[in-house]
């Protein structure tokens, strides 16, 4: 971090790495300026790790253990993807709702996603969600519905490259967690992964009303994992797909990583700063600027071409909503909640784990990544694939790699469930 004066205005220019360049208002006290700088440094920690060369480069040797439901780890440089034909939407959306992009990836337009989204009242709060099904009516009644759950700062639209393809064989739902996207952002609300997991279970029970496969990214994965581990969910959840699963609602859960230990005092100080309303508002206003959002996304995506204007707006637009600052502060400073290490042993249902090997937030050689990498051969209901050249959000970063693993796994889910049921009875 660096401070320098500006002759053009009574401000100080504050910089933290190459991601941020902020002019601090002249009425800020010196100690406030230093506090803001420390806060920005804390926020940028995970991003700058990658720029400093601390990257998750581990070689994962492919293995195939074929007894029913056995875990798999594969790391391939090239994955062959079959050609996907465009589909029609039966939802009341514009005729151009589906477009074909390169690499045979179908994408929904963000404006059309908004147009066909619906709302549901959960405990007095409006929850935004999408219900999407291909218009050919060929979805098998036996095929389980899918519920897509986004990660921190994202929304339903973050699944823009997955919904149409998945809907060829499955009824697809996607939800904005409370505090994100177009869902309500109540002020003074104590956000938690446990609360989100209850939201997910209630949504499945009240809206979908059928046993469902949960598919989550990052903290959304963790919320899905908590939901699946609830004893009341046994008849509601058919399977679980985790994309770069978070270790907690925030980094306070990952204290055994030397990188986090090194920066832990700074992260604690960052929590303190975020609870100072004026500083938090100033920081949040700068972080949500388009250039900063683009820089952050570029740092966590392996495929830089996936960081387009639509993606930036998917993240930026909800940040202007009333209550967005409160949600941000609550999530970053709140308790981390249960960890995957506590939850996985409780589950016998089929689980697919996909992990981008260039993720600077939850690296494959970090504590959470190492835990999931250790599961093959130990937990027979878990299948794991490491995706090369992919960052923190595999489904949007390189969707064709995700579909190449996800679709076959979904197709063999009945057999995996039989194996899981046999395992459960044996225990």
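All of the numbers you see were taken from the coordinates with simple rules; none came from a lab. In this text the structure is predicted, and so the values were computed from the model without any measurement. Heads up, the Cβs are rebuilt from the backbone with ideal geometry, glycines too, and the neighbour counts pull from every protein chain shown.
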Requested in this report: Just check segment 331-427 against the gyration tensor rule for me: Cα atoms, a ≥ b ≥ c as the square roots of the eigenvalues, rounded for a/c under 1.5, and otherwise prolate or oblate depending on whether a/b exceeds b/c.
Outcome: oblate
Query raised in the report: Hey, how many Å between the Cα centroid of segment 294-314 and the Cα centroid of segment 361-406?
Result: 20 Å
Report summary line: Extension length gain for residue 374 and residue 322 (0.36 nm per residue less Cα distance), in nm, is 14.5 nm
**Report entry** Distance in nm between pseudo-label sites at residue 411 and residue 298 (7 Å out along the Cβ direction from Cα)
**Finding:** 3.9 nm
Query raised in the report: What order, most packed first, do the peptides 322-332, 121-131 have when packing is the mean number of other Cβ atoms within 10 Å of each residue?
Result: 322-332, 121-131
Query raised in the report: Contour minus end-to-end for residue 291 and residue 365, with contour as 0.36 nm per residue of separation and end-to-end as the Cα-Cα distance?
Result: 23.7 nm
Report summary line: Rounded to the nearest whole number, the per residue volume of the convex hull around the C-alpha atoms of segment 298-368 in Å³ is 156 Å³
**Report entry** Net lengthening on full extension, residue 231/residue 418 (0.36 nm per residue, minus Cα-Cα)
**Finding:** 65.4 nm
**Report entry** Per-peptide average of other Cβ atoms within 10 Å, ordering 377-384, 213-220, 113-120 highest first
**Finding:** 213-220, 377-384, 113-120
